[in-house]
């Protein structure tokens, strides 16, 4: 039996999917604008212009500039949360897990949303939201410290001040996200691998 | 012969010295305010209030908020320039020089002026000044790369991508300056030593 001809009307599923795709495009355009010009120097008109739509269209996907920033932050932190959570479930030794974790953190923070997290100060977010998002940051930091501690236990990493070393790792990667340029010579993957090699070498057991 | 009694009138030297001391107090108060509240949220009145003087007194030492920020930036960069220049004249091996350099860079960037450099974006400075100050940053970066290159030559450091590793070192220290709190458990010296140990270990020759 031949497939019925495609209907020119969209199904509810199609419409939902389309809305998701459009929302993602709005968020990406907002994050790009925030990264390039800064949050305060970006107007919703700029985001609309980048997508060749009108400002009311943007409003349909994010009710304000602050809401768009919150959504960008949330994307970045959810990704960081997800990739670092994976490192907890792994059965590999801590040294291997630390390498995987640094590469994953690096790729996430060097992404468009990740860069937004490092470049735009969070004081434009509402206090409850800021509190919620900072809690995710702490969870991510705790996971880095956890792998460092596991490494001292299983002997695959030199014992270290886990708090300071976790800050050094996250700090170096966050700083990379500040200067990273898409047109630059190194990809997020290459930069992340370099940093992972460096920190794993720094913690080689004696 | 007994010393003549001290004159109640100040000498021109005394007055010059006093002006320098007061100017330093104004700059420090400004840097503290910028670090704590951000540049845009700081008014000259806040700086004056912290010193228990009036706003016109502040104007006498810095003609505007932008001029005070420029002076804070200059202090930070001159210190970074000076401490990293010292690493060039040293006769020690590159591994030792790298450790000294990282500790000196760390202490400079974790100082009040150094924190100002990392916390306040430079887009509030005039374009020519920004250009001049960015040139100092590049010189400092070149010196870090230079020591890394020297280490690959004299065999005391593992060969590395000097650009990326220099960024990792400066990035980790700059990030530390972002979260550093004077009331925190670790001193600038302790944090800097930790980072120096970490990066020197990371570059241990095979």
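Kirkwood analysis of the Cα pair distances in region A:136-196 returns a hydrodynamic radius of 12.8 Å. For the segment A:157-169, counting C-beta atoms of other chains within 10 Å of every residue's C-beta and taking the mean gives 4. Compared with the dominant Cα axis of chain B, that is its longest principal axis, helix B:94-109 is turned about 30°. Across chain B, C-alpha contacts under 8 Å between residues 6 or more apart give a mean separation that, scaled by the residue count, equals a relative contact order of 23 percent. Put simply, the Cα atoms of region B:58-122 extend 48, 20, 16 Å along their principal axes, the longest span coming first. Working ranking of peptides A:93-99, B:150-156, A:64-70, B:191-197 by packing, defined as the average number of other Cβ atoms within 10 Å per residue, highest first, is B:191-197, A:93-99, A:64-70, B:150-156. Compared with the alpha-carbon gap, the fully stretched path from residue A:64 to residue A:86 is longer by 4.6 nm at 0.36 nm per residue. Taking all Cα-Cα distances within chain B, those exceeding 21 Å account for 59%. Computed as a quarter of the hull surface, the mean projected area of the alpha carbon convex hull for region A:84-142 stands at 4.4 nm². Counting other Cβ atoms within 10 Å as a rough exposure proxy, the listed residues B:136, A:102 run B:136, A:102 from fewest neighbours to most. Its Kirkwood hydrodynamic radius, worked out from the mean inverse distance over all distinct Cα pairs, puts region B:1-83 at 14.4 Å.
Legend: ranking of residues A:199, A:39 from fewest to most surrounding C-beta atoms inside 10 Å; resulting order A:39, A:199.
Mean partner shielding of peptide A:173-179, defined as the number of other chain Cβ atoms within 10 Å of each residue Cβ, is 5. Peptide A:189-200 has a mean shielding of 4, counted as Cβ atoms of other protein chains within 10 Å of each residue's Cβ. Dividing the alpha-carbon radius of gyration of region A:56-167 by the rule-of-thumb value 2.2 N^0.38 Å gives 1.24.
The value given for the protein assembly as shown is a Kirkwood hydrodynamic radius of 24.0 Å, derived from the mean inverse Cα-Cα separation. Each peptide among A:11-17, A:40-46 gets the average number of other Cβ atoms lying within 10 Å of its residues, and from highest to lowest they stand as A:40-46, A:11-17.
The C-alpha atoms of chain A define a longest principal axis, and helix A:188-202 lies at about 20 degrees to it. Spatially, region B:152-206 and region A:55-80 are offset by 35 Å when compared through their Cα centroids. Between helix A:127-154 and chain A there is an angle of about 30 degrees, using the helix long axis and the longest principal axis of the Cα atoms.
None of the figures in this text is laboratory data; all of them are computed from the coordinates on show. Every value quoted in this text rests on a predicted model; they were computed, and no experiment measured them. Cβ coordinates were reconstructed from backbone atoms using ideal geometry, including for glycine residues, and neighbour counts include every protein chain displayed.
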